[in-house]
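Note sheet for the following structure.
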């Protein structure tokens, strides 16, 4: 789950992470009031959307404008910047051409920037450890740095048994060329950020840029925080930070119904139980010449209600031309799944071809329920057969 920059900074501040003073605003007048609370005379007005590249972005109503992050030097200019951003669609490299609507801005104090660095924390799957990454190439996307200058990325993997130590941070500080009081400030910053990462069950924390000020302080100029959704049950306060307007409506529906759904750009809707089986299903659809419209994992405890909701979400995508159900019955027995498919098909009056492949517990009973339903359900014997049949249905064969 992602949150906005202003939310991330407020959270990190609580853990002792150095951030600039700033306030969120939903209107231009609120932006003015926010600026009046800051020392000035330099202010930064930032569009708040879940996407990077805001400063280099463009507004659809003003493609030649100044982008979604603007440095201004007066209260009047703060109001003008907020008026230009609020209620308009910002397009960046990460939003795609559809862009995202700006409904709030963050008005922040200016900063005397001497250097821009990069700092990020994530879980490295290769080492199964929280890894701290740093680079001298602040302000750039870390993927570009990794591709063009991998030698400029410094990494320190933290042993979960011992946790982080000051020497981990000092090693990175020296690698970044920090000196004097900057090293101590960086050390304090990294240790505080690591504490926040663990306690908040983060998936990633990215500070880009991390700046060294003219006075030698280390400050987060931007902050991106994403949480592990599997851990949100113990962070109800964090779950309340979710901005529903930033989510695909279908994905939001899935979250509310405990379904794992990701919208894609294909034409075959997929309903599967188990993430691994879902990935295999998407792969084989591509192998046989089509593309998946979604990733949807109904989980191991799927029931009729959940199956119905899954079908409703899938069919709400106008690009879906056929549906493939690929279920391996275990805890969720095949007969229960079959009943759910029949009930959902009737209630939603499916108008696209439906291919079903069932295996596992009570599979024969499940197939019998589908065969006697009177619905135009295409049965498949195995995954390859299912993929071939659903692709053929899409192509009109």
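The values are calculated or read from the model by the stated rules, or taken from the named source; none is laboratory data. As the structure is a prediction and not an experimental result, all values here were calculated from the model. When we count neighbours, we look across all protein chains shown, and the Cβ atoms used for this are built from the backbone with ideal geometry, even at glycine.
Here are some notes:
- Only one of the numbered conditions (1) free of Cβ contacts under 8 Å to residues at least 60 places away in the same chain; (2) assigned to a helix (DSSP H, G or I) is violated by residue 178, and that is (2).
- Annotation note: of 319, 326, 273, the sole residue that is out of contact with any helix residue (DSSP H, G or I) (no Cβ under 7 Å at 6 or more places or on another chain) and more than 27 Å from residue 96 (Cα to Cα) is 273.
- Qualifying residue in segment 119-133 (condition: buried (at least 18 other Cβ atoms within 10 Å of the Cβ), over 17 Å from residue 25 (Cα atoms), touching a helix residue (DSSP H, G or I) at 6+ places or on another chain (Cβ under 6 Å) and in contact (Cβ under 8 Å) with a residue 40 or more places away in the chain): yes
- Tally, over segment 226-251, of residues that are out of contact with any strand residue (DSSP E or B) (no Cβ under 7 Å at 6 or more places or on another chain) and over 21 Å from residue 5 (Cβ atoms): 6
- If you go through segment 362-397 and keep only what is surrounded by fewer than 16 Cβ atoms within 10 Å (Cβ to Cβ) and either assigned to a loop (DSSP other than H, G, I, E, B) or not assigned by TED's automatic domain parsing to the domain that holds residue 312 (or both), you end up with 372, 374, 375, 376, 381, 382, 395, 396, 397.
- Wholly enclosed strands (runs of 3 or more DSSP E) of segment 242-353 bearing at least 1 residues modelled with pLDDT under 85 and surrounded by fewer than 21 Cβ atoms within 10 Å (Cβ to Cβ): 260-263
- When segment 144-159 is limited to residues that are under 25 Å from the mean Cα position of the chain (by Cα) and either free of Cβ contacts under 8 Å to residues at least 12 places away in the same chain or surrounded by fewer than 12 Cβ atoms within 10 Å (Cβ to Cβ) (or both), the one that is nearest to residue 122 (Cα to Cα) turns out to be 146.
- Residue check for residue 207: crowded, with 18+ Cβ neighbours inside 10 Å, in the same structural domain as residue 129 (by TED's automatic domain parsing), closer than 24 Å to residue 142 by Cβ and in contact (Cβ under 8 Å) with a residue 60 or more places away in the chain: yes
- Cβ pairs under 9 Å, 6+ apart, first in segment 356-384 and touching a residue at least 40 places away in the same chain (Cβ under 8 Å), second buried (at least 20 other Cβ atoms within 10 Å of the Cβ) and in a strand (DSSP E or B): 383/326; 383/357
- Qualifying residue in segment 160-169 (condition: under 25 Å from the mean Cα position of the chain (by Cα) and surrounded by 14 or more Cβ atoms within 10 Å (Cβ to Cβ)): no
- Candidates 70, 115 - the one that is in contact with a helix residue (DSSP H, G or I) (Cβ under 8 Å, 6 or more places away or on another chain), surrounded by 14 or more Cβ atoms within 10 Å (Cβ to Cβ) and not in a helix (DSSP H, G or I): 70
- Flag for residue 304 being more than 17 Å from residue 355 (Cα to Cα), touching a residue at least 40 places away in the same chain (Cβ under 8 Å) and over 23 Å from the mean Cα position of the chain (by Cα): yes
- Exclusive hit being modelled with pLDDT under 95 and surrounded by fewer than 18 Cβ atoms within 10 Å (Cβ to Cβ), set 139, 99: 139
- Checking each residue in segment 11-52 for being surrounded by fewer than 17 Cβ atoms within 10 Å (Cβ to Cβ) and either free of Cβ contacts under 8 Å to residues at least 60 places away in the same chain or not in a loop (DSSP other than H, G, I, E, B) (or both) picks out 14, 27, 29, 32, 33, 36, 37.
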